[in-house]
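Remarks on the structure that follows.
The values are calculated or read from the model by the stated rules, or taken from the named source; none is laboratory data. Because the structure is predicted, anything quoted here is derived from the model rather than measured. Heads up, the Cβs are rebuilt from the backbone with ideal geometry, glycines too, and the neighbour counts pull from every protein chain shown.
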Amino acid sequence: MTSHDVVDKLRYHFRLRKVGHGGTLDPMATGLLIILLGKGTKLSQRIMGTDKEYDGVMRLGIATDSQDADGEVLEEKDASAVTREQVLEEMNQRRGDQMQMPPMVSAIKKDGVPLYKMARKGQTVEREPRLIHVYRFDLLDYNNPDITFSLKCTKGTYVRTLCHDIGESLGCGAHLAALRRTGIGNLHVDHATPLDTLLAGTVEELGEKVVPIYAFSAE
């Protein structure tokens, strides 16, 4: 199910005229999706521009063309010699301001064409690196080849590229195996309502879940 599918389900089920969302989730990702209703749809760009928080799993030893689990495997290497300390050092080096090269499998457009469409044709084009900021990049569990982490970053940060680059630095390759968005601005997934629960309720019950516009903060 895509982020747009969620919007459509809510719109048609509750017969709402204006429904939107505050930033898509990649197909393999789970977690927080902010739904915007009525005048709240005007907040879309503001919400998409805020900081994000994620929990994820990086898998060492396998590099893919999309840098995540949805891609084709490009290379496999033995990562058993990689230590917790080495992974932690690489994560620490990626905190703060940095320039990040967007992956070819992304929605960024080059001459009006999304990069992922070019990638499907086997094309690779020059991309401009983008400034991002990683506030927090914590190692939660080391179970080689799977590394569980928590991350807070600015908008436009490709978490899968962080994993890919760490794999490159370690010499074993890596990709993003799982991702869950836990926070957008001051809103957290712990206070979210599952879609099935919303669809099982009435429009009045939906209204009780609405967070007023003034309550949203980028912090």
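Just a few scattered comments:
- Once region 125-147 is narrowed to residues that are among the β-branched types (Val, Ile, Thr) and at pLDDT 70 or above, the residue that is nearest to Val73 (Cα to Cα) is Ile147.
- Residue match in region 196-207 (condition: in contact with a strand residue (DSSP E or B) (Cβ under 8 Å, 6 or more places away or on another chain) and of a type in the set (S, T, N, Q)): no
- Residues in region 36-52 that are touching a residue at least 60 places away in the same chain (Cβ under 8 Å) and either buried (at least 17 other Cβ atoms within 10 Å of the Cβ) or under 26 Å from Asp97 (Cβ atoms) (or both): Leu37, Gly40, Arg46, Ile47, Met48, Gly49, Thr50, Asp51, Lys52.
- Filtered residue count, region 14-32, keeping only those that are outside any loop (DSSP other than H, G, I, E, B) and of a type in the set (Gly, Ala, Ser): 2
- Selection within region 148-197 - among the hydrophobic types (A, V, I, L, M, F, W, C) and closer than 18 Å to Asp70 by Cα: Val159, Leu162, Cys163, Ala174, Leu176, Ala177, Ala178, Leu179
- For Val87, the stated conditions hold: it is over 18 Å from the mean Cα position of the chain (by Cα), modelled with pLDDT of 95 or more, among the hydrophobic types (A, V, I, L, M, F, W, C) and not in a loop (DSSP other than H, G, I, E, B).
- Residues satisfying the stated conditions in region 33-75, i.e. assigned to a strand (DSSP E or B), under 17 Å from Ile166 (Cα atoms) and among the acidic types (Asp, Glu): Asp55, Asp68, Glu75
- Counting only strands (runs of 3 or more DSSP E) that fall entirely inside region 115-219 and contain at least 2 residues that are surrounded by fewer than 16 Cβ atoms within 10 Å (Cβ to Cβ), the qualifying elements are 130-143, 146-153.
Results for (1) among the small types (Gly, Ala, Ser); (2) touching a helix residue (DSSP H, G or I) at 6+ places or on another chain (Cβ under 9 Å); (3) closer than 21 Å to Lys152 by Cβ, shown as yes or no for each residue.
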position	(1), (2), (3)
Asp26	no, yes, yes
Leu36	no, yes, no
Thr41	no, no, no
Arg46	no, no, yes
Asp51	no, no, yes
Tyr54	no, yes, yes
Ile62	no, yes, no
